[in-house]
Amino acid sequence: SSFYSPDMLSFETMLYRLTAAVVLGIIVGLEREYIGKVAGVRTNMIVSAGSSIFAMISLVIPFVAGVSEQTIQTTLPDRVLSNIVVGVGFLGAGIIIKEGLRVRGLTTAATVWYVAAIGTLCGIGFIRFATVAAVGASALLFTFRKIDALSFFGKKREEDKENEGENDHLHEGS
């Protein structure tokens with residue numbers, strides 16, 4: 001029997017996977033939104049959802065195209081998945097800004113790339129692992145922003161010195 005079948009991905013299954021990708025993208029995007037980054041909840045949600053859709057497309061392309069099982073074994077549908085990584089890389093490059101000697105947006109760009117992986121996991125059905133990855137990344141992003149890893153060494157990053165108090169209005173009342 002073939003790995004691919006007409007009922008491989010029912011509408012309900014696709015909707016469940018897409019919904020999981022949206023929710024997990026929102027969870028990761030909340031930390032970015034909270035600190036006032038441009039790529040926040042909406043960006044992370046859409047990147048995760050889009051990646052999930054592309055992942056599901058990659059699963060059904062061989063069936064829809066009527067590709068033989070032998071061809072599937074030698075030409076895996078991973079081409080779509082690898083292009084998610086490349087496409088999101090271009091999106092991330094647009095988020096990174098060089099200002100003089102400083103570079104800004106690396107964490108936000110990496111977060112967008114990361115949620116693409118989370119969405120891909122949802123699209124191929126690994127929702128439990130995607131959930132652990134999303135919640136874990138969100139917790140780490142939030143924790144390390146609060147702790148400021150470099151403060152353990154008594155140093156303050158130049159960026160933090162220059163931006164002290166700049167985003168205080170975002171946290172009023174919290």
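The values are calculated or read from the model by the stated rules, or taken from the named source; none is laboratory data. Note that the coordinates shown come from a computational prediction; the quantities given were computed from them, not determined experimentally. Every residue, glycine as well, gets a Cβ built from its backbone with ideal geometry; the counts of neighbours run over all protein chains shown. Keep in mind that these areas ignore ligands, DNA and RNA; they rest on the heavy atoms of the full protein, side chains included. Shrake-Rupley method; radii C 1.70, N 1.55, O 1.52, S 1.80 Å.
No other residue among A116, A110 is open to solvent by less than 30 Å² (accessible area, probe 1.4 Å) and either in a helix (DSSP H, G or I) or among the aromatic types (F, W, Y) (or both) apart from A116.
May I ask you to verify whether L106 is within 27 Å of Y16 (Cα to Cα) and either hydrophobic (A, V, I, L, M, F, W, C) or in contact (Cβ under 8 Å) with a residue 40 or more places away in the chain (or both)? First the steps, then the outcome.
Details: within 27 Å of Y16 (Cα to Cα): no; either hydrophobic (A, V, I, L, M, F, W, C) or in contact (Cβ under 8 Å) with a residue 40 or more places away in the chain (or both): yes.
No: the conditions fail for L106.
Determine whether A49 is of a type in the set (G, A, S) and buried (at least 18 other Cβ atoms within 10 Å of the Cβ). Against the criterion (of a type in the set (G, A, S) and buried (at least 18 other Cβ atoms within 10 Å of the Cβ)), A49 qualifies. Of the residues contained in the stretch 122-132, one or more are found to be part of a helix (DSSP H, G or I), open to solvent by 40 Å² or more (accessible area, probe 1.4 Å), of a type in the set (D, E, K, R) and modelled with pLDDT of 75 or more.
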